[in-house]
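This report concerns only the one structure given below.
The values are calculated or read from the model by the stated rules, or taken from the named source; none is laboratory data. Note that the structure is predicted; figures quoted are calculated from it, not measured. Virtual Cβ from ideal backbone geometry, glycine too; neighbours counted across all protein chains shown.
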Amino acid sequence: MDLPDEFIPSLDRPVILRKFNKLSAATIRGIVSKWWEKIDTREKRSSTKELGRLIRKVEGKGHNRQKLIGFILDKFWPQGLNLSQISDLDFCSLLEQPNSFKWTLMAAENKEIGSAVFQVIPEQLICALKQDLQPLFSIHTCLRPHPELPLLVLRVQLFDQKRCGPESAQNPAPAYNSTRKLISRAPTYVVLPFNISSVGFSFGTDLYTKLIINSICKSVHSKNKVKLAKVDKLPVRNLNTVAFLHGLSRYANAQGVWRAYADRKVDSSPLDNPHNHEIVQGREQLKWSLQSQTGKAMMRFKGRTNIPEPTATSAEKLRYKSLLPVPRVDFIIESEKSPEKQAKFKLSLWGTDVFGGLHELCDKGYMDINRVPGWLTGENGPRSGKIINGEFYSEDISHRTL
């Protein structure tokens, strides 16, 4: 059964309040204002000032925000929040706390040609998903574009069609007429990147998530004759990593000293004057910059030579911040020169920004930039892997902590 946006599920108050607690005060104000605009009652004008006063208290300090939100819900939405409103809360939480979810990315494969290309039409995918799962569950779907990344995010929530009491068997009315007849399950998110043949799923091991994933894989296979297979063995930490590494991005394999190619500073337009190219004009400046250790570190870690003034606090942070901060990387270093001198060990680095921290250590003299290998400057992107005789080899386990 397809549940409408107006359906009000039976959710305990603590569950709703926990969703609000994950959001900032400014986001809560925006969501409540959006809901209030949709209300069409005679009492709306007289209650607008009171609602505004309560929201200002939520944004201020010295008040119990949880009690204020509970009071707002009891006064203005006493029957509870509908599925559209709950989806608003979940989507905002997804954007404000990107590390709270893990993601499994699946790409198209063909037995004959290996990687394959397919087109996902969201409306057809949702229709096939509903046809497949509606005999077993009631289902609600909500599709939203990501405001910053080239992604569409589909929220899918299943409800067990459980009948309560003898009246349910006699009453053939739709299940959504009674909130006590349905048991809601945790939503699953499906990510549809633009222009690439892959689909992402919020990581989960429960039965409901597996059913949704299997249904979508079956739909893609029946329409495009391709099979979806996992890109990485272990899940990715956030959507930024998904878009960065698996989207149409020049930065996925061009970091560190190679970042100038991703920034399109090396490529020149046929309409430009070649004598004005940065390589020609900036050659003397580049030679001067590379004479200092800080200039060499900036070039190797960031792929540029312009160094912000270290006096400003914001500039100091931007100086070392990586394009995609990596919280952890693992390297397995192997030496295969001879069986007698063979060595193997694992190097694990973690922090808020591993390569940004290594850059700062080089600037402060704790590391010699002339002896730092390229795989420690982030030139291979935010990937873990094996180092065999000094050469970097990426592995499938690379993105588990991103």
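For the range 1-38, the set of residues classified as under 22 Å from residue 56 (Cα atoms), part of a loop (DSSP other than H, G, I, E, B) and not aliphatic (A, V, I, L, M) consists of 22, 24, 38, listed by residue number. For the range 370-402, the candidate set comprises residues that are modelled with pLDDT of 85 or more and among the polar types (S, T, N, Q); within that set, the residue that is nearest to the chain's Cα centre (by Cα) is 377.
Within the range 209-252, if we keep just the residues that are at pLDDT 75 or above, of a type in the set (Ser, Thr, Tyr) and surrounded by 19 or more Cβ atoms within 10 Å (Cβ to Cβ), the residue that is farthest from the chain's Cα centre (by Cα) turns out to be 219. Screening residue 345 with (1) modelled with pLDDT of 85 or more; (2) assigned to a loop (DSSP other than H, G, I, E, B) gives one miss only, at (2).
When you scan the range 197-208, do you find a residue that is within 24 Å of residue 6 (Cα to Cα), at pLDDT 80 or above and not in a loop (DSSP other than H, G, I, E, B), even just one?
At the first step, the residues of the range 197-208 found to be within 24 Å of residue 6 (Cα to Cα) are 208.
Then drop every residue that is not at pLDDT 80 or above, which leaves 208.
From what's left, not in a loop (DSSP other than H, G, I, E, B): 208.
There is at least one residue in the range 197-208 that is within 24 Å of residue 6 (Cα to Cα), at pLDDT 80 or above and not in a loop (DSSP other than H, G, I, E, B).
Name the residue that is nearest to residue 131 (Cα to Cα), counting only residues in the range 143-158 that are in contact (Cβ under 8 Å) with a residue 60 or more places away in the chain and surrounded by 16 or more Cβ atoms within 10 Å (Cβ to Cβ). That would be 157.
Which ones in the range 294-331 are of a type in the set (Asp, Glu), at pLDDT below 85 and surrounded by 14 or more Cβ atoms within 10 Å (Cβ to Cβ)? Steps first, please.
Filtering the range 294-331 for residues of a type in the set (Asp, Glu) gives 309, 316, 330.
Imposing the further condition that a residue be at pLDDT below 85 reduces the set to 309, 316.
316 - this is the single residue of the range 294-331 that is of a type in the set (Asp, Glu), at pLDDT below 85 and surrounded by 14 or more Cβ atoms within 10 Å (Cβ to Cβ).
On the stretch given as the range 371-388, residues that are more than 14 Å from residue 361 (Cα to Cα) and of a type in the set (A, V, I, L, M, F, W, C) total 3.
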